[in-house]
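Asker: Sending over a structure as structure tokens; questions will come in a sec.
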Amino acid sequence: MLDVIHITKSYRSGRGHLKALDQVSFTAAPGQAVAVAGRSGSGKTTLLHCIAGLEVPDEGRIVCHGKDIFQLPEKERQQWLRTGVGIVFQSGNLLSYLTVSDNIAFPLQLGGWPRGDIVRRVDELLQRIALPHAGGALPHELSGGELQRVAVARAMAHRPRMVLADEPTASLDTATAAEVVKLLMGVCRQENTILLMSTHDQAVMAAADRTVSLMDGRIDNTPPGNR
Ligand SMILES: Nc1ncnc2c1ncn2[C@@H]1O[C@H](COP(=O)(O)OP(=O)(O)OP(=O)(O)O)[C@@H](O)[C@H]1O
Ligand SMILES: [Mg+2]
């Protein structure tokens, strides 16, 4: 179970003081997919980064499977990040100098998996993302949709309990976007993972079990028809 409780996060920058998130609360259960919607600048990426533990909120709590992420001692928090969370970043973020296989293996190496298990798991994931022969390729040799499938494989490789995907379909055509969403939904359902996907894409919202909408950093409870 994921409990996001009254998360507030401000930034100070050249533009002054900005409340990127203001008292955001919601919950998500294992096997449930939640779309996080909202205009550009509404706080979607900031929210996912806070939930992932990559950014520290000013106020509020993130409780996942009984762990209060920001109350954990630093070492345990790092451990939780390495093993419990998988992230598909907004800009893909594959390591350009590593092959597809090595990119997918990366979280497994961090997690100390034995070499034989890593090889088997990478193979299984390459099949699952329908790129069985792409293991030796470098990221620049793949298309945008293929790269996004590899990013999903890397995020789920270590069987995290929660997968966070930041606009996973942003730069894809409709058909390719549908494949990537199907892949993410499959992970969520089959591995009972909590899935959060930030998005502008109606198709992603339709595929998710529920949509949480943000407006200027706050949860927007306006019915969709009236926005
Ligand atoms: N590191 C930062 N320093 C200062 N301001 C920031 C920082 N990161 C984000 N912001 C600001 O916080 C607000 C929320 O940004 P965020 O990236 O979460 O929006 P978003 O909903 O993901 O937008 P998009 O759809 O364009 O990706 C924006 O106004 C942004 O300019
Ligand atoms: Mg964003």
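Asker: How about the range 90-112: which of its residues are out of contact with any strand residue (DSSP E or B) (no Cβ under 9 Å at 6 or more places or on another chain) and either farther than 21 Å from Ala52 by Cβ or free of Cβ contacts under 8 Å to residues at least 12 places away in the same chain (or both)?
Answerer: Once the filter is applied, which keeps residues that are out of contact with any strand residue (DSSP E or B) (no Cβ under 9 Å at 6 or more places or on another chain) and either farther than 21 Å from Ala52 by Cβ or free of Cβ contacts under 8 Å to residues at least 12 places away in the same chain (or both), the range 90-112 yields Ser96, Tyr97, Leu98, Thr99, Val100, Ser101, Asp102, Gln109, Gly112.
Asker: Just the residues that are aliphatic (A, V, I, L, M), within 16 Å of ligand 1 (Cβ to nearest atom) and buried (at least 22 other Cβ atoms within 10 Å of the Cβ), please, taken from the range 161-214.
Answerer: Residues satisfying the conditions are Leu164, Ala165, Leu196, Met197, Val204, Val212, Leu214.
Asker: Would you say Gln148 is at pLDDT below 95, surrounded by fewer than 21 Cβ atoms within 10 Å (Cβ to Cβ), among the polar types (S, T, N, Q) and not in a loop (DSSP other than H, G, I, E, B)?
Answerer: no
Asker: Looking for whichever is more than 21 Å from Val187 (Cβ to Cβ), away from ligand 2 (no atom under 16 Å from the Cβ) and under 18 Å from the mean Cα position of the chain (by Cα) here; the options are Val24, Val56, Val4. Which one fits?
Answerer: Exactly one of Val24, Val56, Val4 is more than 21 Å from Val187 (Cβ to Cβ), away from ligand 2 (no atom under 16 Å from the Cβ) and under 18 Å from the mean Cα position of the chain (by Cα), namely Val56.
Asker: Please find, within the range 43-71, the residue that is farthest from ligand 1 (Cβ to nearest atom) out of those that are in a loop (DSSP other than H, G, I, E, B) and surrounded by fewer than 22 Cβ atoms within 10 Å (Cβ to Cβ).
Answerer: Within the range 43-71, the match that is farthest from ligand 1 (Cβ to nearest atom) is Gly66.
Asker: Between residues in the range 153-178 that are farther than 21 Å from Ser101 by Cα and residues that are of a type in the set (Lys, Arg), which pairs lie under 8 Å by C-beta distance while being six or more apart or on different chains?
Answerer: Matching pairs, first to second residue: Asp166/Lys44; Glu167/Lys44.
Asker: Can you tell me which of (1) modelled with pLDDT of 95 or more; (2) away from ligand 1 (no atom under 16 Å from the Cβ); (3) in contact with an Asp or Glu (Cβ under 8 Å, 6 or more places away or on another chain) is the one Leu98 doesn't meet?
Answerer: Going through the list (1) modelled with pLDDT of 95 or more; (2) away from ligand 1 (no atom under 16 Å from the Cβ); (3) in contact with an Asp or Glu (Cβ under 8 Å, 6 or more places away or on another chain), Leu98 breaks only (3).
Asker: Which of the residues that make up the range 190-224 are closer than 15 Å to Asp166 by Cα and in a loop (DSSP other than H, G, I, E, B)?
Answerer: His200, Asp201, Ala208, listed by residue number.
The values are calculated or read from the model by the stated rules, or taken from the named source; none is laboratory data. Values in this document were obtained by computation on a predicted structure and should not be read as measured data. Neighbour counts are summed over all protein chains in view; Cβ atoms, including those assigned to glycine, are modelled from backbone coordinates with ideal geometry.
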